[in-house]
Structures are given as C-alpha cells and as structure tokens.
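The values are calculated or read from the model by the stated rules, or taken from the named source; none is laboratory data. Keep in mind that what you see is a predicted model, and the values were worked out from it rather than measured. For neighbour counting, all protein chains shown are included, and Cβ atoms are generated from backbone atoms with ideal geometry for every residue, glycine included. All accessible areas refer to the heavy atoms of the entire protein, side chains included, with ligands and DNA or RNA removed. Shrake-Rupley method; radii C 1.70, N 1.55, O 1.52, S 1.80 Å.
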Amino acid sequence: MLPGRGTSERSMKRNMFPPNLVEACFKQFKTNYEKRMFKVDIPSNDTSTVASIISNVSAAVETLTQMREEMVPVPGSVNGVNALGLVVFSISFGLVIGSMKEQGQALKDFFDSLNEAIMRLVALIMWYAPLGILFLIAGKIVEMEDMGVIGGQLAMYTVTVIIGLLIHAVIVLPLLYFLITRKNPWVFIGGLIQALVTALGTSSSSATLPVTFKCLEEINGVDKRVTRFVLPVGATINMDGTALYEALAAIFIAQVNNFDLNFGQIITISITATAASIGAAGIPQAGLVTMVIVLTSVGLPTDDITLIIAVDWFLDRLRTTTNVLGDSIGAGIVEHLSRHELKNRDAEMGNSVIEENEMKKPYQLISQENESEKPLDSETKM
C-alpha cells in the first residue's frame with residue numbers, strides 16, 4: 001500500500017478534531033508510513049507438500065511460509081500550527097456561546113475585549129510594518145537565484161488571480177442571480193457601478209458600505225430591511241474574493257517551493273481559506289494576515305508571503321470589488337426570496353396603522369365639537 005490521497009484525507013480529518021488544543025497550537029497530525037514484515041501462510045496441496053519435505057526440508061519450510069514487506073500507516077506529528085483544528089473548534093465554540101444567550105454573555109464580552117486588545121497591539125506593530133516589509137522583500141530578493149524566473153512566476157500568478165476573480169464576478173455571481181430571481185443581472189450590476197468603483201479605490205468593503213447602501217436602496221430599489229441586515233453581515237463574513245485569492249496564493253507558494261500538493265491537501269487549503277476569509281477584517285490587505293493560517297494548515301513556509309506582497313496592493317483592490325459585488329447580489333437574492341414575507345409584513349403594518357387611526361378618529365371629533373361649542377356658550381352668555 002503506497003501513500004496517496006487517503007493519507008491526506010485521514011490527516012485532514014484527524015487535524016479537524018485535535019485531541020489537545022494546546023498541542024494544536026504548535027503541532028499537526030500527520031500520517032507517516034513505515035516498512036513492516038508480515039508472515040503469509042500459503043495454502044498448498046498435501047501430496048506436493050509431502051514430496052517437497054522428502055526432497056528438501058528447507059525448501060518445504062520456505063514454501064509454506066514467506067515474509068512479505070508492506071508499507072503501514074503510522075500516526076505521527078510535524079511542527080506547525082494546526083490551524084484547521086483551531087478554526088473548527090473556534091466555530092463550534094462560538095456557536096455554543098451564541099446559543100447560550102444571557103448565560104454566555106460573560107464569555108462573549110471576554111473574547112470581545114481580548115480581540116480589541118489584540119487589535120490595538122497589532123495597530124502599534126503596524127506603525128513599523130513598512131520598514132519591516134522593506135527588509136523582508138530585500139532579503140527575499142537577495143536569496144533569489146534567478147529573478148527573471150521568479151518575476152515570470154509572479155506575473156503568471158497575478159494573471160491567474162485576475163482570471164479567477166473575473167470568472168467568479170462575471171460568470172458565477174450573475175448566473176446565480178439569474179437562476180434564482182429570473183431577472184437581468186447586468187441591470188442590477190449596472191446600478192452598483194458607484195459602489196464597485198469605490199471598492200476599487202478604497203480597497204475596503206467596510207469603507208464602501210455607505211455607498212453600497214445608497215446604490216442598492218436608491219438605484220436598485222432593494223428593501224432597506226434587507227440591506228441593513230445583509231450588507232453589514234456580508235462585509236464581515238462574505239469574503240468570496242479573499243477566499244479565492246488565498247487558495248491560489250497557497251498553491252503558488254507551494255509551486256515556488258517545488259511542493260507537490262495532493263487532492264487531500266488541496267481540499268484542506270480550500271476549507272481553511274474559506275474559514276479564514278470569514279474571519280478576515282474588511283480593511284485593506286487583511287487577507288495577508290489570514291494567509292498564515294492557510295499556509296500552516298498544509299505545512300508550507302509562511303516566510304514566502306513576502307513574495308506576493310509586491311503585487312498584493314493591486315490584487316487586494318480587485319478582490320475587494322468582488323467581495324462588494326457578492327454582498328450586493330446576495331442582498332438582491334435575499335430580497336427576492338423573502339418578498340412574500342415582506343409584503344405580508346407591510347400589509348400587517350398597514351392594517352395596524354388603519355386601526356390606530358380609526359381608534360383616534362372619535363376622540364378627535366369629540367375634541368373638535370367641544371372646541372366649537374365653547375365660543376357658542378360664550379356668545380349666549382353675552
């Protein structure tokens with residue numbers, strides 16, 4: 001038995017559910033293969049066995065029993081953060097805390113405070129980021145044996161990312177909108193031009209939110225109740241362009257290091273990139289931070305992230321535009337699917353308003369009669 005796709009699938013499943021969370025912070029499970037010798041009994045005919053014993057006893061023993069060598073899977077581990085297991089645990093733990101409501105509020109406040117403290121620490125470190133990135137790129141350039149080859153690979157990587165984002169934004173998203181709503185997606189996308197241009201310029205889906213609200217509500221006529229719920233959530237967790245970009249970046253770094261990825265590792269990259277993109281902030285170049293999680297999930301060197309920093313400023317704008325387009329189309333689809341509920345809700349609200357007005361009418365008439373009677377009484381007194 002040779003190591004193949006099943007090996008990576010077993011390793012991925014074991015990594016998704018680590019037995020020890022502390023160990024998962026610096027070790028990953030990996031299936032290794034060792035050579036083992038097995039004794040195999042070979043069935044034989046009685047007459048032939050008797051004849052062989054008579055002729056040669058040693059030959060008979062070798063015929064009855066033989067040793068066979070096999071590759072046997074053995075559990076092992078390698079150094080590196082088990083990002084996949086930590087992500088699965090974090091999602092499960094977050095869902096449980098959310099379902100606890102008031103009882104889980106203390107834990108929620110604790111993690112919110114911890115996240116805020118880490119963000120402030122990162123903000124301080126980011127002041128030195130330009131200097132650090134300068135030396136990282138300089139060190140990487142010095143290590144390159146042939147800059148022409150690396151430059152060509154980087155150019156092909158950039159073209160591949162652009163083609164992938166275009167396929168997703170021009171074919172997949174419009175086709176999904178058309179299949180569900182049966183409406184022309186290009187008319188809908190045409191109303192989002194201002195939001196898409198803003199996303200391209202700011203490279204931040206959160207900063208583009210006000211413009212996206214305006215385009216969807218005023219130009220495309222999407223209900224405010226849908227946009228005010230879908231867009232903030234989408235700007236936080238719907239990072240489809242970032243997920244696509246991180247998966248391609250991980251495969252590119254693997255190819256640069258002559259690291260062959262099997263099917264199981266590609267699935268691991270896809271799952272980890274999707275989960276990591278959900279946790280990415282809606283700020284410029286946030287995908288570089290979550291790239292570390294994706295690379296460590298399959299044992300790739302995180303130092304090579306510096307290779308893609310040179311073109312990330314440009315690709316970040318394109319994937320942010322794709323993210324905003326995905327959020328907007330998602331809002332359009334949600335409004336189409338919930339249109340009947342929205343109409344029923346509007347009808348209920350309209351009936352309640354009419355009932356309130358009818359309840360107020362008699363009181364208004366009585367007050368008007370009383371007011372009209374007051375000057376008459378004064379005139380009769382005069």
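Things to note:
- Residues in the range 66-105 that are open to solvent by less than 50 Å² (accessible area, probe 1.4 Å) and part of a helix (DSSP H, G or I): Ala83, Leu84, Gly85, Leu86, Val87, Val88, Gly94, Ile97.
- When Gly221 is tested against (1) part of a loop (DSSP other than H, G, I, E, B); (2) buried (at least 16 other Cβ atoms within 10 Å of the Cβ), only condition (2) is not met.
- All positions within the range 192-218 that are part of a helix (DSSP H, G or I), of a type outside the set (Lys, Arg) and over 19 Å from Asp312 (Cα atoms): Ile193, Gln194, Ala195, Leu209, Pro210, Val211, Thr212, Phe213, Cys215, Leu216, Glu217, Glu218
- Qualifying residue in the range 183-195 (condition: in contact (Cβ under 8 Å) with a residue 12 or more places away in the chain, closer than 15 Å to Asp240 by Cα, of a type in the set (Val, Ile, Thr) and open to solvent by less than 60 Å² (accessible area, probe 1.4 Å)): no
- Residues that are in a helix (DSSP H, G or I) and either over 21 Å from the mean Cα position of the chain (by Cα) or touching a residue at least 60 places away in the same chain (Cβ under 8 Å) (or both) within the range 230-249 comprise Val230, Leu231, Gly234, Ala235, Asp240, Gly241, Thr242, Leu244, Tyr245, Leu248, Ala249, listed in sequence order.
- Comparison of Lys108, Lys140 shows that the only residue that is surrounded by 10 or more Cβ atoms within 10 Å (Cβ to Cβ) and modelled with pLDDT under 75 is Lys140.
- Of all the residues in the range 303-321, those that are in contact with a Ser or Thr (Cβ under 8 Å, 6 or more places away or on another chain) and open to solvent by less than 50 Å² (accessible area, probe 1.4 Å) number 5.
- Looking only at residues in the range 250-272 that are outside any helix (DSSP H, G or I) and under 24 Å from Val311 (Cβ atoms), the one that is most open to solvent (accessible area, probe 1.4 Å) is Asn258.
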